[in-house]
Amino acid sequence: MDDYYGELCTRLYEVDKSVAKRKELEFYLSFVKDQNMKVLEPMCGKILLTIIKKKSEIEELVDWTETNRVSFNKEIIVVYKKSFYDRKASSLNTKIKYELLQGNQTKKVEIMDFPLRLYGSEEFERILSSNGFNNLTVHEVKDGYGEGISFSVYECRI
């Protein structure tokens, strides 16, 4: 059974992603012009878009592979992933399994599908342009998700 953003996923999100990394937060706050300005959550998709760009080598995980393990009091949540890349659709299809352990016993399991459409820069810019966004600025946020992990953000204006 697939459980999208279920309890275990949510618990890990709160530990790992509830606060933006310093460089990421500084980048998004640079668009806030005054204290009274209302801002939706960064990366929500209305004006600034973050995409995952297509790389030449895409890592596939054929078997369940442990990628994270987090302790909560007497419980542990273990995260496993497996993924495959659909070249025709340019889609990285990942299954994520969250397993709650108490001692050596599995108490709960959640499985979530996490498909991502991967874009080349020029391809994504053509899509934005064909939908009326002709005034584009691409920002590279270096070390935005941590040291050595950068991402591109498209600032779109009509």
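The values are calculated or read from the model by the stated rules, or taken from the named source; none is laboratory data. Since this is a predicted model, take the numbers as computed values, not measurements. Positions of Cβ are generated from backbone atoms using ideal geometry, with glycine treated the same way; all protein chains shown enter the neighbour counts. The protein model used for the area step is the full one, side chains on, heavy atoms only, and it has no ligands, DNA or RNA in it. Shrake-Rupley method; radii C 1.70, N 1.55, O 1.52, S 1.80 Å.
What to note about this one:
- Residue, farthest from F124 (Cα to Cα), within the range 68-80, restricted to residues that are open to solvent by less than 70 Å² (accessible area, probe 1.4 Å) and without any contact (Cβ under 8 Å) to a residue 60 or more places away in the chain: E75
- Residue in the range 82-98 that is among the hydrophobic types (A, V, I, L, M, F, W, C), over 20 Å from the mean Cα position of the chain (by Cα) and outside any strand (DSSP E or B) present: no
- Of the listed requirements (1) surrounded by 13 or more Cβ atoms within 10 Å (Cβ to Cβ); (2) under 17 Å from the mean Cα position of the chain (by Cα); (3) not small (G, A, S), K46 misses just one: (1).
- Annotation: of all residues in the range 46-81 being of a type in the set (A, V, I, L, M) and part of a loop (DSSP other than H, G, I, E, B), the one that is modelled with the highest pLDDT is I58.
- Scanning the range 124-158 for residues being exposed (fewer than 13 other Cβ atoms within 10 Å of the Cβ) and either in a helix (DSSP H, G or I) or acidic (D, E) (or both) gives a total of 5.
- F27 being modelled with pLDDT under 85, open to solvent by less than 60 Å² (accessible area, probe 1.4 Å) and assigned to a loop (DSSP other than H, G, I, E, B): no
- Selection within the range 104-123 - outside any strand (DSSP E or B) and either in contact with an Asp or Glu (Cβ under 9 Å, 6 or more places away or on another chain) or more than 29 Å from R22 (Cβ to Cβ) (or both): N104, G120, E122, E123
- Selection within the range 49-67 - open to solvent by less than 90 Å² (accessible area, probe 1.4 Å), hydroxyl-bearing (S, T, Y) and under 30 Å from S129 (Cα atoms): T50
- In the condition set (1) out of contact with any Lys or Arg (no Cβ under 7 Å at 6 or more places or on another chain); (2) modelled with pLDDT of 90 or more; (3) among the basic types (K, R); (4) surrounded by 13 or more Cβ atoms within 10 Å (Cβ to Cβ), K21 is compliant with all but (2).
- Selection count, the range 132-153, where residues are of a type in the set (G, A, S), touching a strand residue (DSSP E or B) at 6+ places or on another chain (Cβ under 8 Å) and modelled with pLDDT under 80: 2
- Whichever residue in the range 95-110 is surrounded by fewer than 17 Cβ atoms within 10 Å (Cβ to Cβ) and β-branched (V, I, T) and, among such residues, is nearest to E14 (Cα to Cα): V109
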